[in-house]
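Here's the structure we're looking at; comments come further down.
The values are calculated or read from the model by the stated rules, or taken from the named source; none is laboratory data. This one's a predicted model, so the numbers in the text were calculated from it and none came from an experiment. When we count neighbours, we look across all protein chains shown, and the Cβ atoms used for this are built from the backbone with ideal geometry, even at glycine. Ligands, DNA and RNA are stripped out before the accessible areas are found, and what is left, the full protein with its side chains, is counted by its heavy atoms. Shrake-Rupley method; radii C 1.70, N 1.55, O 1.52, S 1.80 Å.
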Amino acid sequence: MTPYKAPLRDMRFQMNEVFDYPAHYARLENGADATPDIVDAILEGAAEFSEEILAPLNLSGDREGCQFKDGVVTTPAGFKEAYAQFVAGGWQGLSCPVEYGGQGLPVSVNVFKSEMMGTANWSFNMYPGLSIGCINTLLRYGSLAQKTEYLPPLVSGQWTGTMCLTEAQCGTDLAQIKARAEPQADGSYRITGTKVFISSGEHDLTENIIHVVLARLPGAPAGTRGISLFIVPKVMVNADGSLGERNAVTCGSIEHKMGIRGSATAVLNFDGAAGFMIGEPNKGLEAMFTFMNTARVGTAIQGIAHAEASFQCALPYALERRSMRALSGRKEPEHAADSLIWHADVRRMLLTQKAIAEGGRAMIYSAAQLADQLFNAITARNATQAEEFDNQLGFYTPILKGFLTELGLEAANLGMQVFGGHGYIHENGMEQIARDARIATLYEGTTGIQALDLLGRKVLLGTRGQCVRDFAATMWRFSRQHLLAAGSVGKMARTLAWRAMQWNLLTTRIMLRARKDRDLVGSASFDYLMYSGYVMMAYFWALQAARAAQLSASGQGKESTDFYQAKIQTAVFYFERLLPRADGHRVGALAPTASVMQIGRDHLAFK
Ligand SMILES: Cc1cc2nc3c(=O)[nH]c(=O)nc-3n(C[C@H](O)[C@H](O)[C@H](O)COP(=O)(O)OP(=O)(O)OC[C@H]3O[C@@H](n4cnc5c(N)ncnc54)[C@H](O)[C@@H]3O)c2cc1C
């Protein structure tokens with residue numbers, strides 16, 4: 001397997017030359033310390049840790065998996081030592097507040113780090129990744145006492161956190177949650193119930209795990225309005241911060257999974273475990289949404305992580321493996337056959353992977369700037385600004401999570417395809433990437449649920465299409481600037497102007513039809529999400545191409561002419577080969593619901 005190499009050249013190009021992160025950080029209240037030198041040192045450090053510590057444990061971690069015996073979970077060999085190094089390096093607290101022991105850097109810095117560590121070893125990345133959501137929930141909704149008690153060890157990485165929503169009967173439909181919380185005289189609660197599929201629910205990396213659990217109070221209203229949120233520590237914490245008795249929460253088993261086998265997915269039994277309410281009674285789901293949105297952007301990173309990992313292995317293989325002669329004549333006459341790279345279909349696969357990884361990275365880097373601004377506004381208690389950035393990020397989130405994880409899966413499969421039959425063999429690592437990538441479209445809200453969130457909640461109900469009009473306006477501003485440019489950038493700008501109009505029109509047509517046909521939103525939502533993703537990614541590819549063309553012409557860029565040229569060529573590939581898929585999704589989104597809904601429920605199969 002080709003050793004992982006962090007794509008620092010592309011990361012720096014996007015950060016500095018496309019999104020101008022130095023100027024962005026200079027505008028942020030907590031951006032003063034994120035100077036180019038510091039950010040660069042963090043990138044280098046995270047790259048080294050990912051390449052040298054995490055990547056070598058990826059294949060072995062998958063082979064060995066997590067082990068469960070008598071309630072104890074053992075992570076694969078090397079994970080514990082790697083986690084200790086992760087903690088010693090201060091990686092968990094990069095973007096956490098200084099007052100709780102973090103480094104106070106903008107959240108985007110953590111995104112850059114997570115991409116590299118996740119690409120190197122997604123299973124490992126799950127342990128600290130879940131903690132970030134737990135930390136954010138406590139920061140936003142926890143009381144001062146809860147923050148003081150739990151945040152410092154979570155921020156340092158000494159403890160990890162989980163998110164306990166799912167029960168056997170419900171993952172998507174949390175209205176069906178049954179876990180109960182009985183109030184106690186001392187103000188605490190006794191939590192009873194079973195949660196399933198809990199990532200990092202039990203492991204041997206840390207001495208304590210802080211579970212954030214959804215449960216119902218006695219007499220709480222039915223449905224989502226009757227759910228509250230609780231902190232349930234695995235080990236109780238004494239007043240002086242030392243660890244006390246074991247709480248009544250135990251791991252019943254761990255799942256035997258298709259992928260991310262080094263990540264423990266636990267069944268947790270709460271048998272009257274001591275819990276402490278976070279936020280207000282019956283408003284737990286609202287609070288948990290903070291957790292879920294953070295986690296969803298984190299999962300979107302998984303899409304590009306697997307695309308990048310698979311591409312990094314497929315490319316050298318295509319350069320070395322030989323098969324037949326190129327259709328346009330022999331390219332390497334000194335060899336018995338030409339290498340795979342000369343075959344157009346292999347190039348199609350490689351360029352698709354590259355376009356997904358780098359196009360997706362641009363989408364995430366743009367969203368990360370919004371996340372920085374959102375956190376700044378929350379810290380500054382500027383509710384108006386916080387709402388504005390939250391809405392913008394809320395529009396990005398389902399597209400990033402749904403579209404990028406679907407495409408990440410495609411890219412992972414293409415990597416296997418480039419390897420031919422050798423891609424199917426465990427030792428080559430390609431089938432593991434595909435298996436690991438598969439979960440990303442399922443957890444943190446399936447693609448179907450992201451699609452409903454986008455079309456139903458964000459676009460139709462929430463803004464009556466305004467969020468699309470706003471993004472289309474951004475596309476239009478870019479287009480106007482480059483409309484008359486010569487060559488491929490001008491062409492991309494003209495295509496984008498047309499797509500901006502088409503996206504708005506598609507939204508309006510669905511909005512009008514949905515008034516008469518209630519099933520339309522459901523039947524159109526997946527295609528609408530994918531359409532939106534392809535058009536959004538086109539904008540981010542055009543942005544990269546325009547910048548590359550400008551820097552190449554001016555000679556003021558930090559990269560080589562070849563690098564910029566390859567950017568423009570990949571953008572052209574995207575516009576010619578991948579963006580047209582949006583048309584199929586547009587047609588699907590507008591198709592009458594009848595073909596989906598008219599067939600009788602007993603007529604889908606005949607025995
Ligand atoms: C490896 C792994 C790790 C996980 N980690 C965690 C974790 O840490 N914490 C946690 O709480 N959970 C976790 N989960 C659970 C995960 O989030 C759920 O499995 C997921 O949300 C889907 O829920 P479900 O499995 O109940 O599927 P269901 O909700 O039963 O859905 C089944 C199918 O029906 C579709 N569907 C459901 N409702 C609708 C609807 N209204 N409209 C249209 N389509 C619909 C879905 O899109 C899906 O395709 C994890 C799961 C796995 C496998």
Checklist entry - What number of residues within the stretch 212-225 are closer than 13 Å to residue 175 by Cβ and crowded, with 19+ Cβ neighbours inside 10 Å? => result 2
Checklist entry - Within the stretch 143-175, which residues are away from the ligand (no atom under 16 Å from the Cβ) and open to solvent by 10 Å² or more (accessible area, probe 1.4 Å)? => result 143, 144, 145, 146, 147, 148, 149, 152, 153, 156, 158
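Within the bounds of the stretch 529-550, is there any residue that is under 26 Å from residue 15 (Cβ atoms) and more than 30 Å from the chain's Cα centre (by Cα)? So that I can check it myself, show each step before the final result.
Kept after step one, since they are under 26 Å from residue 15 (Cβ atoms), are these residues of the stretch 529-550: 532-550.
Checking which are more than 30 Å from the chain's Cα centre (by Cα) leaves us with 550.
Yes, there is a match, as at least one residue in the stretch 529-550 is under 26 Å from residue 15 (Cβ atoms) and more than 30 Å from the chain's Cα centre (by Cα).
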Checklist entry - Tell me, which residue of the stretch 342-369 that is surrounded by fewer than 20 Cβ atoms within 10 Å (Cβ to Cβ) and without any contact (Cβ under 8 Å) to a residue 40 or more places away in the chain is nearest to residue 24 (Cα to Cα)? => result 347
Next on the checklist: Any residue at all in the stretch 22-39 that's modelled with pLDDT of 95 or more and within 26 Å of residue 123 (Cα to Cα)?
Outcome noted: yes
Next on the checklist: I need the full set of residues from the stretch 189-214 which are aromatic (Phe, Trp, Tyr) and within 16 Å of the ligand (Cβ to nearest atom), in order please.
Outcome noted: 197
Checklist entry - Applying the selection to the stretch 312-331, what residues are in contact with a Ser or Thr (Cβ under 9 Å, 6 or more places away or on another chain), of a type outside the set (Lys, Arg) and open to solvent by 30 Å² or more (accessible area, probe 1.4 Å)? => result 312, 315, 316, 317, 319, 320, 323
Next on the checklist: Based on this model, can you work out whether residue 253 counts as in contact with a Gly (Cβ under 6 Å, 6 or more places away or on another chain) and either of a type in the set (Gly, Ala, Ser) or buried (at least 17 other Cβ atoms within 10 Å of the Cβ) (or both)?
Outcome noted: no
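Looking at 236, 258, which is the one that is over 26 Å from the mean Cα position of the chain (by Cα) and either buried (at least 22 other Cβ atoms within 10 Å of the Cβ) or aliphatic (A, V, I, L, M) (or both)?
Residue meeting the stated conditions: 236.
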Checklist entry - Hey, among 245, 332, 255, 280, which residue is within 16 Å of the ligand (Cβ to nearest atom) and without any contact (Cβ under 8 Å) to a residue 60 or more places away in the chain? => result 255
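Tell me which residues, restricted to the stretch 237-250, are assigned to a strand (DSSP E or B), more than 30 Å from residue 176 (Cβ to Cβ) and touching a Gly at 6+ places or on another chain (Cβ under 9 Å). First the steps, then the outcome.
Start the filter on the stretch 237-250 by keeping residues that are assigned to a strand (DSSP E or B), which leaves 237, 243-246, 249-250.
If we keep only those that are more than 30 Å from residue 176 (Cβ to Cβ) as well, we get 237, 243-245.
Residue satisfying the conditions is 237 alone.
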Checklist entry - Does the stretch 465-472 include one or more residues that are in contact (Cβ under 8 Å) with a residue 60 or more places away in the chain, under 30 Å from residue 553 (Cα atoms) and not in a helix (DSSP H, G or I)? => result no
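Could you list, in sequence order, all residues of the stretch 348-388 that are among the hydrophobic types (A, V, I, L, M, F, W, C) and in contact with a Ser or Thr (Cβ under 7 Å, 6 or more places away or on another chain)? Break it down stepwise before answering.
Within the stretch 348-388, the first condition is being among the hydrophobic types (A, V, I, L, M, F, W, C), and the residues that meet it are 349-351, 355-357, 362-364, 367-368, 370-371, 374-375, 377-378, 380, 383, 386.
Scanning the stretch 348-388 gives 351, 355, 368, 371.
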Checklist entry - On the given criteria, is residue 524 in contact (Cβ under 8 Å) with a residue 12 or more places away in the chain, open to solvent by 10 Å² or more (accessible area, probe 1.4 Å), within 16 Å of the ligand (Cβ to nearest atom) and part of a helix (DSSP H, G or I)? => result no
Next on the checklist: Just to be sure I understand the filter: pairs with C-beta atoms under 9 Å, separated by 6 or more residues or on different chains, first member in the stretch 58-78 and free of Cβ contacts under 8 Å to residues at least 40 places away in the same chain, second member in a loop (DSSP other than H, G, I, E, B) and of a type in the set (Phe, Trp, Tyr). Which pairs pass?
Outcome noted: none
Next on the checklist: With touching a Pro at 6+ places or on another chain (Cβ under 9 Å) and either closer than 28 Å to residue 457 by Cβ or away from the ligand (no atom under 12 Å from the Cβ) (or both) as the only criterion, which of 217, 229 stands out?
Outcome noted: 217
Checklist outcome for this item: Checked the stretch 176-191 for anything open to solvent by 10 Å² or more (accessible area, probe 1.4 Å) and touching an Asp or Glu at 6+ places or on another chain (Cβ under 7 Å); matches are 178, 189, 190
Checklist entry - Does residue 104 meet the test of being modelled with pLDDT of 95 or more and not basic (Lys, Arg)? => result yes
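Among residues belonging to the stretch 261-277 that are under 30 Å from residue 54 (Cβ atoms) and open to solvent by less than 20 Å² (accessible area, probe 1.4 Å), point out the one that is nearest to the ligand (Cβ to nearest atom).
Of the residues in the stretch 261-277, the ones under 30 Å from residue 54 (Cβ atoms) are 261-268.
Now narrow it down to the ones that are open to solvent by less than 20 Å² (accessible area, probe 1.4 Å): 262-266, 268.
Details: 262: 12, 263: 7, 264: 10, 265: 4, 266: 9, 268: 10 Å.
Going through the qualifying residues, I end up with 265.
What number of residues within the stretch 115-139 satisfy the criterion of being away from the ligand (no atom under 16 Å from the Cβ) and open to solvent by 20 Å² or more (accessible area, probe 1.4 Å)?
Total meeting the criteria: 1.
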Checklist entry - Does any residue in the stretch 580-593 that is closer than 14 Å to residue 509 by Cβ and open to solvent by 50 Å² or more (accessible area, probe 1.4 Å) come within less than 7 Å, Cβ to Cβ, of a residue that is in a helix (DSSP H, G or I) and of a type outside the set (S, T, N, Q) six or more places away or on a different chain, and which pairs are these? => result 586/506; 586/531
Next on the checklist: Among the residues in the stretch 199-211, are any closer than 24 Å to residue 135 by Cβ, surrounded by fewer than 20 Cβ atoms within 10 Å (Cβ to Cβ) and in contact with a Pro (Cβ under 8 Å, 6 or more places away or on another chain)?
Outcome noted: yes
Checklist entry - Would you call residue 247 of a type outside the set (Lys, Arg) and open to solvent by less than 20 Å² (accessible area, probe 1.4 Å)? => result yes
Checklist entry - Looking only at the stretch 416-463, which residues are away from the ligand (no atom under 13 Å from the Cβ), crowded, with 22+ Cβ neighbours inside 10 Å and among the polar types (S, T, N, Q)? => result 432
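From 318, 337, 287, grab the single residue that is in contact with a strand residue (DSSP E or B) (Cβ under 6 Å, 6 or more places away or on another chain), more than 30 Å from residue 66 (Cα to Cα) and in a helix (DSSP H, G or I).
Numbers: 318 fails: in contact with a strand residue (DSSP E or B) (Cβ under 6 Å, 6 or more places away or on another chain); 337 fails: in a helix (DSSP H, G or I).
So the residue among 318, 337, 287 that is in contact with a strand residue (DSSP E or B) (Cβ under 6 Å, 6 or more places away or on another chain), more than 30 Å from residue 66 (Cα to Cα) and in a helix (DSSP H, G or I) is 287.
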